[in-house]
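Reviewing the structure listed below.
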C-alpha cells in the first residue's frame, strides 16, 4: 500500500550490473546469493536513500539431499507474497515445487533490497530480479554437470531439480551437483537468459499458501503469538485526543495492582512521527495488565485537536463550496464558457467518511533489550526499514543495533506501514528492563489508527445535445496545510475524467487536521473512485447514454495536453486502451444489458486505474421494499499484465478486495467529537440504533454468493493485485442501487441514505 503513484509500463533495470556470490555448505551443498541494487521506487516508499554500494541478498540453499530452500524476503501480511516470490525463483531454477522449502527472512538491508509490503509493488519490482536469481542458479548447476561429464553445456537440459544429458543417458540431481556448483564462476544476473512463458511449470499454477496448514490449525505463527524467555506483557494508554500529553496519572494505584511490575509516564516526542505520550503498564500477564488499566486515572493536557469534529469538517466544506477555491490544480479549456452552452447541467455533492483499517490482528510488537545494547524485535511491520529507523531514533542507538524478526501479520491493508507499536514496545522494554510483548486493545486499535481520511466533493458537469460531456468541474474539500495535503488526502491533476473532457477544472480547498491519516488499501483511489465514478454515472444519465458506452466513448476521445508530459508523467498515465479492454470484457461476461432484471434489482458498473492495475467491475444488487441491500453477484475483470503468477492468490486478492469495499460501503465510519474518535470496537452482527459508536465489519451472510474473477491478459509486465481491484466496487454498487431504486447514493456509508445491509 503506497500513497504514491508508480510507473505502469516496465520494471526498472538495475543501474549497476548484478552479479552472484556462491558458497559451499558444510556437509555438501550450495548457497546462492545475489548482489543487486535495490529498486529506487521502493526506497522512496520507505524513505531511504539509495545505497552507495550494491546490496547482498541470499535466496537459495541446495543441500545434498536435493532439498531446495528459498528465502522469502518481504513481509507476509496475508497477500501471499511468502509463496509468490519463491515461485519466481523456483520457476527459473527449474525445480519441482514439492522439493522446495520456504524460509521467512529477517529484516536485513545488507542482504535483501526493499523488504516492504505495500502499494502492490512486490510483483512489478521482483518479477525480473527474482527470476534472474533462479536462472543463474540453474546455469551454475548446468556448468557443474558439464564439467563433471566433460560435455558442452548446450547438450544439457533440466527438469524438476535434475540435470540430464540425453546423449549419454546420464542424470544428476541438483543436490549431488550443489557442492561442485559452488566453485563455478557465477554469471551476471542482468545477462542470464530467462524462460519463455510457454515453458513455465510453476508460474501460472495454483500453488497452495505457504504455512496454510499452520494457519488453519491455529499454530503460533503470527506476531501476536510470539513468546520469549522472561517475557512480560505491556499496554500503552494514549490520549483520546491525538498527541495530547499526560498532565497527571495515579501511578501508585496502578503499581499496587496484582501482577503489575511497572507503570510509568512516557513523555513522548514533539515529532508527530515519533513516540507519543502516554502511560505504560507492564505486568506478568495480559489479563493482569488490563485489569490494572481499569484503575488508571489520567488527566490529559489540553490540545488544539480537541477543537476539531466531524460536524465542523462538514460545515467547513460547505463554506468552501460557497466561495472561491484556494487553488486550481488543473484547468483545461474554458469551463465557465462551456457550462453555459451545455444542453443539460448536472450538479451534485459527494462525501465519504474517515474509516479504520480494522485489521483482525491488532497492532503488536515484542521487544527485548540485549546485554550488548542492541534491541531485538519481533514485528509485523510492512515497512521494517522505517520501523528500524524509528526504534533507533527512539532509543538513541544506531540502526544496525536494532534486530528485526519479521512475523506473519493477520492483515495489514496499509496500517502496518506505520510503526508506532515498534517505538512503544522498544521504549517500554528499555525502561522496564525486561522483554515485553505490547498488544493494543481493540479500542486502542480503533481510536489510534492512521485513518483513511474523509473528503467532500462538489461536482458540476455539462453535456451537449449529442450526449457528450463537454464541461466538468470538481471542487475538492480536503485536509492539509498550505499546499501540503494530509497523508492520503491528496488528489492528482490526472484524476479521471481529466484528459477526456475538453473543458475541465479541478479545484482544491484544504482545512487543518490534527487527526492522523494514512494509506489504506488502494489509498486515495478507494475514496475518489466512489465520488468521481458516481458522478460520471449521473452525467451518463443526463446524456441518455448507457453507463459503459458513455465511458468508452469518452476514453476514445482523449484531449491533447496543453503542454507535453514529461517522461515520468507519461509513464504514470492511465492507458485508455487498457481501460476500454476491461470495460468491454466486463460488459460481455456479465451479460450487461441483455437480461431483464426483476423489479428492485439493478446492475452498476465502474472502472479504475490504481497501482499499475486496471479493473472494471459490474455489481448486481437487489434492494427490498424495506431498503435492505443485498449484492447478488459481482463480476471483476482485471488487466494486470501478461502473467497471473499464482491464480489462487490472485483470485483471493480480488475477492477479498470486493468484500473489503462492500464492508466500507455498508457501515464503516469513524466520526470525531472534540478531537476524539467516537467508535471504539467492532459492531454486533445486526446494526441497531444502540451501537452507532461501533465499527461494522462485513458478515458472511452479507457477502455475495459469487464474485466472478476474469483476467484480460496483455503484453505488459505483470503488476500487483492487492490494491487495484478495490476502487471500482463501491461506485458499481451505487450504480446498481440507482438502477434498482432510483435513489442516488452520494454519501457513505449506506446508513446515511436510509439503506440497510442486514
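What do you reckon, is residue 241 assigned by TED's automatic domain parsing to the domain that holds residue 419 and in a helix (DSSP H, G or I)? No, not satisfied.
Yes or no: residue 549 in contact with a helix residue (DSSP H, G or I) (Cβ under 6 Å, 6 or more places away or on another chain) and over 27 Å from residue 418 (Cα atoms)?
Values: in contact with a helix residue (DSSP H, G or I) (Cβ under 6 Å, 6 or more places away or on another chain): no; over 27 Å from residue 418 (Cα atoms): yes.
When the stated conditions are applied, residue 549 does not pass them.
State yes or no: is residue 528 within 29 Å of residue 412 (Cβ to Cβ), buried (at least 21 other Cβ atoms within 10 Å of the Cβ), modelled with pLDDT of 95 or more and touching a helix residue (DSSP H, G or I) at 6+ places or on another chain (Cβ under 9 Å)? No; evaluated as a whole, the condition is false for this residue.
Any residue in segment 701-716 that is within 20 Å of the chain's Cα centre (by Cα) and in a loop (DSSP other than H, G, I, E, B)? Scanning segment 701-716, I find no residue that is within 20 Å of the chain's Cα centre (by Cα) and in a loop (DSSP other than H, G, I, E, B), so the answer is no.
Is it true that residue 278 is under 23 Å from residue 391 (Cβ atoms) and either surrounded by 13 or more Cβ atoms within 10 Å (Cβ to Cβ) or out of contact with any helix residue (DSSP H, G or I) (no Cβ under 8 Å at 6 or more places or on another chain) (or both)? Talk me through it step by step, then tell me what you get.
Details: under 23 Å from residue 391 (Cβ atoms): yes; either surrounded by 13 or more Cβ atoms within 10 Å (Cβ to Cβ) or out of contact with any helix residue (DSSP H, G or I) (no Cβ under 8 Å at 6 or more places or on another chain) (or both): yes.
It is true that residue 278 is under 23 Å from residue 391 (Cβ atoms) and either surrounded by 13 or more Cβ atoms within 10 Å (Cβ to Cβ) or out of contact with any helix residue (DSSP H, G or I) (no Cβ under 8 Å at 6 or more places or on another chain) (or both).
For segment 149-173, the tally of residues that are assigned to a loop (DSSP other than H, G, I, E, B) and surrounded by 12 or more Cβ atoms within 10 Å (Cβ to Cβ) stands at 3. Any residue in segment 181-194 that is in the same structural domain as residue 62 (by TED's automatic domain parsing) and at positive phi? Looking through segment 181-194, none of the residues is in the same structural domain as residue 62 (by TED's automatic domain parsing) and at positive phi.
Please enumerate the residues belonging to segment 55-98 that are closer than 18 Å to residue 25 by Cα and surrounded by fewer than 24 Cβ atoms within 10 Å (Cβ to Cβ).
Passing the criteria: 56, 58, 61, 63, 64, 65, 66, 67, 69, 71.
Scan segment 292-310 for residues that are free of Cβ contacts under 8 Å to residues at least 40 places away in the same chain and either closer than 20 Å to residue 509 by Cβ or touching a strand residue (DSSP E or B) at 6+ places or on another chain (Cβ under 9 Å) (or both) and jot them down. First the steps, then the outcome.
Of segment 292-310, the ones free of Cβ contacts under 8 Å to residues at least 40 places away in the same chain are 292, 294.
Hit for segment 292-310 is 292, nothing else.
Taken over segment 93-129, the criterion of being within 23 Å of residue 644 (Cα to Cα) and in a loop (DSSP other than H, G, I, E, B) is satisfied by 94, 95, 96, 114, 115, 116, 117, 118, 119, 120, 121.
Quick one: which of 656, 638, 675 is touching a helix residue (DSSP H, G or I) at 6+ places or on another chain (Cβ under 7 Å), more than 24 Å from residue 310 (Cβ to Cβ) and either at pLDDT 95 or above or buried (at least 24 other Cβ atoms within 10 Å of the Cβ) (or both)? None of the other options fit; the residue is 638.
Filter segment 244-259 down to residues that are in contact (Cβ under 8 Å) with a residue 24 or more places away in the chain and in a helix (DSSP H, G or I) and give me whichever is farthest from residue 432 (Cα to Cα). Of everything passing the filter in segment 244-259, 253 is farthest from residue 432 (Cα to Cα). Does residue 229 count as part of a loop (DSSP other than H, G, I, E, B), loosely packed, with under 15 Cβ neighbours inside 10 Å, within 28 Å of the chain's Cα centre (by Cα) and touching a residue at least 12 places away in the same chain (Cβ under 8 Å)? For residue 229, the condition - part of a loop (DSSP other than H, G, I, E, B), loosely packed, with under 15 Cβ neighbours inside 10 Å, within 28 Å of the chain's Cα centre (by Cα) and touching a residue at least 12 places away in the same chain (Cβ under 8 Å) - is not met. If I filter segment 545-566 for residues that are exposed (fewer than 15 other Cβ atoms within 10 Å of the Cβ) and in contact with a strand residue (DSSP E or B) (Cβ under 7 Å, 6 or more places away or on another chain), do I get at least one hit? Yes, that holds for at least one residue.
Test residue 324 against the criterion of being at pLDDT 95 or above and not assigned by TED's automatic domain parsing to the domain that holds residue 403, and give yes or no.
Values: at pLDDT 95 or above: yes; not assigned by TED's automatic domain parsing to the domain that holds residue 403: yes.
It is true that residue 324 is at pLDDT 95 or above and not assigned by TED's automatic domain parsing to the domain that holds residue 403.
The set of residues in segment 490-499 being surrounded by 20 or more Cβ atoms within 10 Å (Cβ to Cβ) and in contact with a helix residue (DSSP H, G or I) (Cβ under 9 Å, 6 or more places away or on another chain) consists of 491, 495, 496, 497, 499. Look at (1) within 30 Å of residue 97 (Cα to Cα); (2) out of contact with any strand residue (DSSP E or B) (no Cβ under 6 Å at 6 or more places or on another chain); (3) surrounded by 18 or more Cβ atoms within 10 Å (Cβ to Cβ) and you find that residue 647 fails only one, number (3). Screening residue 595 with (1) in contact (Cβ under 8 Å) with a residue 12 or more places away in the chain; (2) over 29 Å from residue 343 (Cα atoms); (3) loosely packed, with under 14 Cβ neighbours inside 10 Å gives one miss only, at (1). Summed over segment 174-198, the residues that are surrounded by fewer than 18 Cβ atoms within 10 Å (Cβ to Cβ), modelled with pLDDT of 95 or more and either touching a helix residue (DSSP H, G or I) at 6+ places or on another chain (Cβ under 9 Å) or over 30 Å from residue 717 (Cβ atoms) (or both) give a count of 3. The number of residues in segment 560-580 that are outside any helix (DSSP H, G or I) and touching a residue at least 60 places away in the same chain (Cβ under 8 Å) comes to 5. You will find that of 364, 370, 419, the residue that is at pLDDT 95 or above, closer than 25 Å to residue 221 by Cα and more than 31 Å from the chain's Cα centre (by Cα) is 370 and no other.
Condition first: surrounded by fewer than 23 Cβ atoms within 10 Å (Cβ to Cβ), farther than 14 Å from residue 630 by Cα, free of Cβ contacts under 8 Å to residues at least 24 places away in the same chain and in contact with a helix residue (DSSP H, G or I) (Cβ under 9 Å, 6 or more places away or on another chain). Can you find one or more residues in segment 697-712 that meet it? No, the conditions are met nowhere in segment 697-712.
The values are calculated or read from the model by the stated rules, or taken from the named source; none is laboratory data. In this text the structure is predicted, and so the values were computed from the model without any measurement. Cβ atoms come from the backbone with ideal geometry, glycine included; neighbour counts cover every protein chain shown.
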